[in-house]
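The values are calculated or read from the model by the stated rules, or taken from the named source; none is laboratory data. This is a predicted model, so every value here is computed, not measured. Methodologically, a virtual Cβ is constructed for each residue, glycine included, from the backbone with ideal geometry; neighbour enumeration extends over all protein chains shown.
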Amino acid sequence: MLRTCRRYTERRARLVGTAAAATALAVAGGTALTGTAAAATPGPTVLKSALLSPSDTGMTGAQSAAGGGVGGDGVSGCAALVKVLRAAPGPGTQEADFTGGQSGPLLSEQLTTGSAGRVAGVYAQEKAALTSCRDLTLTSDGTKLALRLTPTHLVTASGAQTTATRMDGQLSGVPVNGYLAFGRVGQVLVGYMFFQISDTSPQLASSLYQKAVTKVRHTVATGGGTPV
């Protein structure tokens, strides 16, 4: 779903006193929709406008067309989830990455689309992988972040399907808390990853995810795509 955010290391010097930590916290993959025969509905322009923005999140961020999935040994652990996270994003996929400062939080969102059948199939694969996994390890420049995965619920807008897990671990002795969610809003797949340091409350992650899904639903319904 979400591409690896290795560029975090280029834009942020340190997080919790470790230069590699920002990358390790933000590693993610791409949702594969390669092979979709029909033109995507909605298109890349609509998807881009449906992404969260800095004004939506209150954090510094940027939008872009998605690149490749996670490469090398960036993610390991549960094989099913690793396969999902390492998959290359489909054509036209758009993403946004945000940071709340040197101490976080960090947020990544990715939107992709395809035929109704293909989207349903990919979401089913993502849901099965996420619900079956209980551990995941993120690695960057030799720094490993081992995460315990616990199924959880993130508030969503009406009409959205969502599967989510809470991620807990420690980096340099500091508690790390995160949320990974896969959502489906009509013909749009939503990939969402959120990390915070020390704070264990799900409130911010949940409210931003709800905002993301609501924005997708509204934008697709009014921006020329298929209403959902």
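Just to be sure, is L204 under 24 Å from L145 (Cα atoms), part of a helix (DSSP H, G or I), modelled with pLDDT of 90 or more and over 13 Å from the mean Cα position of the chain (by Cα)?
Yes, satisfied.
Can we say V220 is within 17 Å of the chain's Cα centre (by Cα) and at negative phi?
Against the criterion (within 17 Å of the chain's Cα centre (by Cα) and at negative phi), V220 does not qualify.
Against the definition (over 17 Å from the mean Cα position of the chain (by Cα) and not in a strand (DSSP E or B)), how does G169 come out, yes or no?
No: the conditions fail for G169.
Answer yes or no: is there a residue in region 68-78 that is part of a helix (DSSP H, G or I) and modelled with pLDDT of 90 or more.
No: zero hits.
Say whether the condition of being farther than 18 Å from F195 by Cα and at pLDDT 80 or above is met by at least one residue in region 94-109.
So far as region 94-109 goes, yes, one or more of its residues are farther than 18 Å from F195 by Cα and at pLDDT 80 or above.
For region 174-195, give me each residue that is farther than 12 Å from T152 by Cβ, of a type outside the set (G, A, S) and within 14 Å of the chain's Cα centre (by Cα).
F182, R184, V188, L189, V190, Y192, M193, F195
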